[in-house]
1. Among what's in the range 29-40 and is within 12 Å of the chain's Cα centre (by Cα) and of a type in the set (Val, Ile, Thr), pick the residue that is most open to solvent (accessible area, probe 1.4 Å).
2. With respect to Thr59, is the statement that it is part of a loop (DSSP other than H, G, I, E, B) and open to solvent by less than 30 Å² (accessible area, probe 1.4 Å) true?
3. May I ask you to say which residue of Glu53, Glu43 is acidic (Asp, Glu) and either open to solvent by 60 Å² or more (accessible area, probe 1.4 Å) or on the phi > 0 side of the Ramachandran plot (or both)?
4. Is one or more of the residues making up the range 11-28 hydroxyl-bearing (Ser, Thr, Tyr), part of a loop (DSSP other than H, G, I, E, B) and surrounded by 12 or more Cβ atoms within 10 Å (Cβ to Cβ)?
Amino acid sequence: MTAVLEVFDPKAAQWSTAAPMPTTRGGVNGIAVHGRLYVFGGEGPQGVFEQTEMYDPPTDRWYRLEPLPI
């Protein structure tokens, strides 16, 4: 399980660490849409997560969205 978000810059061929995800989890799913990263689901010792979060790269901030029904 992790909350780490690592970002690769192909122009600089370099990795950096961004703001951590609000929810630490494993088995997470995500998709990039319109320059933002949406992360949802995942699992941990407490079971399956319903949290949905969005990362905004220009502000290096995470935002909580409506949870997924599980």
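1. Ile31
2. Judged against the criteria, Thr59 is not a match.
3. Every option except Glu43 fails the conditions.
4. Within the range 11-28, one or more residues are hydroxyl-bearing (Ser, Thr, Tyr), part of a loop (DSSP other than H, G, I, E, B) and surrounded by 12 or more Cβ atoms within 10 Å (Cβ to Cβ).
The values are calculated or read from the model by the stated rules, or taken from the named source; none is laboratory data. Computed from a prediction, not measured in an experiment: that's the story for all the values here. So basically every Cβ, Gly included, is an ideal-geometry build from the backbone, and we count neighbours across all protein chains shown. For the accessible areas, the whole protein counts, side chains as well, though only heavy atoms, and no ligand, DNA or RNA atoms are used. Shrake-Rupley method; radii C 1.70, N 1.55, O 1.52, S 1.80 Å.
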